[in-house]
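The values are calculated or read from the model by the stated rules, or taken from the named source; none is laboratory data. In this text, all values refer to a predicted model and were calculated from it rather than measured experimentally. FYI the Cβ positions are ideal-geometry reconstructions off the backbone, even for glycines, and counts take in every protein chain you see.
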Amino acid sequence: MNKTVEYIQSRSQRIKPKIGIILGSGLGSFVDALEDAIPFSYDDLDDFHAAGVAGHNGTLYLGRVKGTDVAVLQGRVHYYESGQADAMKVPVRTLAGLGCEQLILTNAAGSLKEEATPGSVMLINDHINFTGVSPLFGEKETSRFVDMVDVYDPVMRAKFHQIADDNNIKLHEGVYIWFCGPSFETPAEIRAAKSLGADAVGMSTVPEVILARHAGMKVAALSVITNMAAGMSDEELSHEQTMANADIGIQDLQKLLISYLNIVSS
């Protein structure tokens, strides 16, 4: 991993990122906002697994947004693709190695809240790991016992809420539950998730959050709501639907991200 960090730094010496961003399904167009962007294909980076899902391009970008240096992962590898919960370990630790102190994650998610309709955005304030697996399985040192209280940084969350208020964006907040996929959840599973206190459901994010906290980064996460969860509407669930509805929420998401980076740079 150190060689990967050195390789990236040798080709992007002008960019010193303090904030990392991971873009979820259908949300990759955020990279269009990057200035002085330097792309690195996952194929050219040691131990970066190629993203194998539509909407995940598999490119690491270094660049600037509103004067803030950032490192952006356009695409993630999901647990269901490889059966490895730590598939994103090297990418997340690479962000930390590049100097990122904060990590902002985005994803496409299903809503368990009637008021959080497709196209809206939800700020995650906690999560439920329904899979029972961890990306830290096999780690040897005692640091694997990561404290998960306030894992979604309260200060970062407060900034996003202020940005939403200033821009008249309806920003929901709630608990995200991680199911491993790739099949969508059953209505019974969604009823169970509701009883556990979940507000949104998805197939990603939680492994990266655990890895980021293990690496000492502060974390925030935003879900673009792309569908109502199974059993909550008559609409058939599909990845194509996820991609299409992600386009609806991308404008609010981009405004939130760009405004946050503007605040950080000022």
Checklist entry - Mind checking which residues of the stretch 182-193 are surrounded by fewer than 17 Cβ atoms within 10 Å (Cβ to Cβ) and out of contact with any Gly (no Cβ under 6 Å at 6 or more places or on another chain)? => result Pro182, Ser183, Thr186, Ala188, Arg191, Ala192
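Among the residues of the stretch 75-87, how many are out of contact with any Phe, Trp or Tyr (no Cβ under 9 Å at 6 or more places or on another chain), within 14 Å of Val133 (Cα to Cα) and either in a helix (DSSP H, G or I) or not polar (S, T, N, Q) (or both)? Talk me through it step by step, then tell me what you get.
Looking only at the stretch 75-87, we keep the residues that are out of contact with any Phe, Trp or Tyr (no Cβ under 9 Å at 6 or more places or on another chain), and these are 76, 78, 80-84.
Now restrict to residues that are within 14 Å of Val133 (Cα to Cα): 78, 80, 82-84.
Within this subset, residues satisfying the condition of being either in a helix (DSSP H, G or I) or not polar (S, T, N, Q) (or both) are 78, 80, 82-83.
Number of matching residues: 4.
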Next on the checklist: Here are the criteria: (1) touching a Leu at 6+ places or on another chain (Cβ under 6 Å); (2) aromatic (Phe, Trp, Tyr); (3) at pLDDT 95 or above. Tell me which single one Tyr176 does not satisfy.
Outcome noted: (1)
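Residue-wise test of (1) closer than 22 Å to Leu27 by Cα; (2) among the aliphatic types (A, V, I, L, M).
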residue: Gln102; (1), (2): yes, no
residue: Ser120; (1), (2): yes, no
residue: Ile128; (1), (2): no, yes
residue: Phe145; (1), (2): no, no
residue: Met148; (1), (2): no, yes
residue: Arg191; (1), (2): no, no
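Conditions tested, residue by residue: (1) touching an Asp or Glu at 6+ places or on another chain (Cβ under 7 Å); (2) without any contact (Cβ under 8 Å) to a residue 40 or more places away in the chain.
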site: Asp32; (1), (2): no, yes
site: Ala37; (1), (2): no, yes
site: Phe48; (1), (2): no, no
site: Gly63; (1), (2): yes, no
site: Val72; (1), (2): no, no
site: Tyr80; (1), (2): no, no
Item to check | Count of residues meeting criterion [surrounded by 11 or more Cβ atoms within 10 Å (Cβ to Cβ) and of a type in the set (Phe, Trp, Tyr)] in the stretch 137-167 | outcome: 2
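One line per residue, one yes/no per condition, for (1) closer than 20 Å to Asn125 by Cα; (2) touching a Phe, Trp or Tyr at 6+ places or on another chain (Cβ under 8 Å); (3) surrounded by fewer than 20 Cβ atoms within 10 Å (Cβ to Cβ); (4) not aliphatic (A, V, I, L, M):
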position: Ser223; (1), (2), (3), (4): yes, yes, no, yes
position: Thr226; (1), (2), (3), (4): yes, no, no, yes
position: Gly231; (1), (2), (3), (4): no, no, yes, yes
position: Leu237; (1), (2), (3), (4): no, yes, yes, no
position: Met243; (1), (2), (3), (4): no, no, yes, no
